[in-house]
Amino acid sequence: RLLGDIADALAPTGEPITALHLGGGGFTLPRYIDATRPGSQHRILELDPVVLEVAREELGFETSEAMEVVIGDGRLGVGDEPAGRYDLVIGDAFSGVSVPWHLATTEFVADVRRVMRPGGVYAVNVIDYPPLELARAQLATFEEVFEHVAVLGPSSLVEGRSGGNVILLASDEPLPAEAILRANRAHGGSDVLLAEAASVAEFTADAPILRDDYAPADQLLTRFSS
């Protein structure tokens, strides 16, 4: 739903967009965008062919010219993409519960920026628990590449009092913060968006920058323990 809120806020209602998805999962989000923004173009990079097979056989997912799935590693797939193509890039890939390390570095984030159109948004789903070391490092890494970054999620999580899924955003232009929150409230959400520079600086304080030669994403992730 949080990623859907971002898609809803990205352009006027119903206007088609071009989206690159890193990770297929149940292919829910590309289908949601396709339903709410007819005519949108999607490319979905999915590592595991079984995921696509299950989605087709069990979930009724259909590929097409406008809903293209490419089987292979997300980083290599992004590297093959032309510059300036996408309005929205969604990172929803996991190795267990951690973002794969090679999809978390400044080098990869710079390549994502390369394939985005001016004003495009990069939105990444991250799972973490207090003290949110992985989420904070990932956002600090975004700051190395993008002019504007933000955090979207439940207030208890953003404030470091609980864990779960949080969405990290980045863009070269100011993010549509008000539109994202309107979309969130429209379905009864009560999530918060940290986008002001001071709030972001507090969130990322002392967080390491992830680079190809130092990206311990799975070690930074705080595991849930009861």
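The values are calculated or read from the model by the stated rules, or taken from the named source; none is laboratory data. Being a predicted model, the structure only gives us computed values, none of them experimental. Cβ: placed from backbone, ideal geometry, glycine included. Neighbour counts: every protein chain shown. These area figures cover heavy atoms from the full protein model, side chains too; ligands, DNA and RNA do not enter into them. Shrake-Rupley method; radii C 1.70, N 1.55, O 1.52, S 1.80 Å.
For the peptides 28-36, 119-127, 183-191, residues were scored by their other Cβ atoms within 10 Å and the scores averaged per peptide; the highest-first order is 119-127, 28-36, 183-191. Taken about its Cα centre, segment 8-97 carries a charge dipole of roughly 200 debye when the Cβ of each Lys and Arg holds +1 and the Cβ of each Asp and Glu holds -1. Placing unit charges on each Cβ (+1 for Lys and Arg, -1 for Asp and Glu) gives the chain a dipole about its Cα centre, and among Ser171, Leu88, Gly14 the Cα reaching farthest toward its positive end belongs to Gly14. In the chain, helices alone account for a calculated mean residue ellipticity at 222 nm of -10000 deg cm²/dmol, with every DSSP H run of four or more residues adding -39,500 (n - 2.57). Dipole size of the chain about its Cα centre, with +1 on Lys/Arg Cβ and -1 on Asp/Glu Cβ: approximately 400 debye, rounded to the nearest 20. Considering only beta bridges that DSSP places wholly inside the chain, some 45 percent are antiparallel. Mean separation of Cα pairs under 8 Å and 6 or more residues apart, divided by the residue count, gives segment 1-49 a relative contact order of 44 percent.
Taking the empirical scaling 2.2 N^0.38 Å for compact globular proteins as reference, segment 79-119 has a Cα radius of gyration ratio of 1.23.
For segment 78-207, the dipole from Cβ point charges (+1 on Lys and Arg, -1 on Asp and Glu) about the Cα centre works out to 360 debye, to the nearest 20. What the chain shows is 46 Å² of accessible area per residue, with the surface traced by a 1.4 Å probe over protein heavy atoms. As a ratio to 2.2 N^0.38 Å, the alpha-carbon radius of gyration computed for the chain takes the value 0.95. Can you tell which of Arg43, Arg117, Arg56 shows the greatest fluctuation in a Gaussian network model of the chain with Cα springs below 10 Å? Among Arg43, Arg117, Arg56, the largest GNM mean-square fluctuation belongs to Arg56.
To the nearest whole percent, what portion of all C-alpha pairs in segment 118-226 is separated by more than 22 angstrom? Here the tail beyond 22 Å accounts for 28 percent of pairs. Take every pair of alpha-carbon atoms less than 8 Å apart whose residues are at least six positions apart; their mean separation over the length of the chain yields a relative contact order of 21 percent. Ranking Leu3, Pro118, Gln138 by Cα position along the charge dipole of the chain, where only Lys, Arg, Asp and Glu carry charges on their C-beta atoms, puts Leu3 farthest toward the positive end.
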